[in-house]
1. I'd like the accessible area for GLU123: 1.4 Å probe, protein heavy atoms, all chains in place, Å² to the nearest 10.
2. On a full-extension model of 0.36 nm per residue, what is the gain between ILE136 and THR118, subtracting their alpha-carbon distance, rounded to one decimal in nm?
3. Obtain the nm distance between the two label points defined at ALA66 and THR190 by a simple spin-label model: each point lies 7 Å from its Cα along the Cα-to-C-beta direction.
4. Starting from the residue with the highest accessible area, list ARG106, ARG189 in decreasing order, probe 1.4 Å.
5. If SER120, SER134 are ordered by their accessible area, calculated over protein heavy atoms with a 1.4 Å probe, which sequence runs from highest to lowest?
6. How many Lys pairs in region 61-190 lie less than 23 angstrom apart by Cα atoms, where the lysines are 8 or more positions apart or on different chains?
7. If we sort 179-188, 153-162 on the protection proxy, mean other Cβ atoms within 10 Å, highest first, what's the order?
8. Which shape class, rounded, prolate or oblate, goes with region 89-147 when its Cα gyration tensor gives a ≥ b ≥ c as root eigenvalues, a/c under 1.5 marks rounded, and past that a/b bigger than b/c marks prolate?
Amino acid sequence: MIRALVLAVTTSLLLVACSGGGSGKITENAVYGQNLPPPDPTRAVVGAEAYRVGPMDKLDIAVYQAPELTREVQVDAGGQIGMPLIGSFPVAGKTVPEIRDDITVRLKARYLKSPEVTVSVKEFASQKVTVDGSVIQPGVYPLIGKTTLVQSIAMARGVNAQANEKKVAVFRIVNNQRMVAVFDLNMIRTGRMDDPQVFPNDVIFVDRSGAKTLWRDVISSVPVLSMFVPVL
């Protein structure tokens with residue numbers, strides 16, 4: 001999937017770079033990748049109240065004075081959870097407050113007079129980030145709580161010996177448009193650049209040092225604009 005993405009966007013990125021006038025290409029001393037815009041609102045921000053639960057997410061459900069109903073449940077592939085007394089019911093696509101209210105109504109209808117229910121997302125398994133390129137273990141990883149770029153690369157067991165840590169690309173959908181920004185891991189580690197938050201569906205690619213690859217052409221073509229550059 002990621003390889004296909006590069007083939008689709010390389011030409012447009014080159015055109016963007018060339019049309020940037022004096023912005024130029026990324027240099028070894030450039031400060032870039034700041035002022036990250038968040039993804040589209042429909043691509044839920046991890047941990048936000050507006051987050052919509054999906055299949056394989058894990059929920060913590062507590063019912064005051066009803067310990068037999070307090071439990072951790074996992075949303076199944078069909079988007080449902082099951083609880084004692086009220087059975088199975090759909091939760092996929094609902095926010096945490098909506099699920100809480102749904103459980104409250106179901107319990108109140110037949111079993112408890114004034115149930116007090118709390119719901120929280122323990123594991124955001126349905127929301128993932130892809131880490132590829134010069135990392136030890138490329139793959140697709142779940143976002144569990146707020147996660148930064150450095151933490152995402154750590155989930156892939158870090159960069160390998162061939163990595164160019166000065167050029168790490170993040171692809172993201174913003175305003176229904178695919179965009180890309182480039183970061184320098186060395187600058188992040190030394191406090192000269194913020195460690196940006198990553199979001200569901202982001203694609204992270206660590207460049208390879210000393211190799212004239214298609215990925216290097218893409219990353220090197222991003223103008224120094226201190227923001228995400230649209231992939232036209």
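1. 50 Å²
2. 2.5 nm
3. Rounded to a tenth, the inter-label distance reads 5.8 nm.
4. From most accessible down to least: ARG189, ARG106.
5. Sorted by accessible area, descending: SER120, SER134.
6. Lysine pair count for region 61-190: 8.
7. Result, highest mean Cβ count within 10 Å first: 179-188, 153-162.
8. prolate
The values are calculated or read from the model by the stated rules, or taken from the named source; none is laboratory data. Note that this is a predicted model, so its numbers are computed, not measured. Note: ideal-geometry Cβ built from the backbone for every residue, glycine included; neighbour counts use all protein chains shown. We work out accessible area using only protein heavy atoms, side chains counted, and drop any ligands, DNA or RNA first. Shrake-Rupley method; radii C 1.70, N 1.55, O 1.52, S 1.80 Å.
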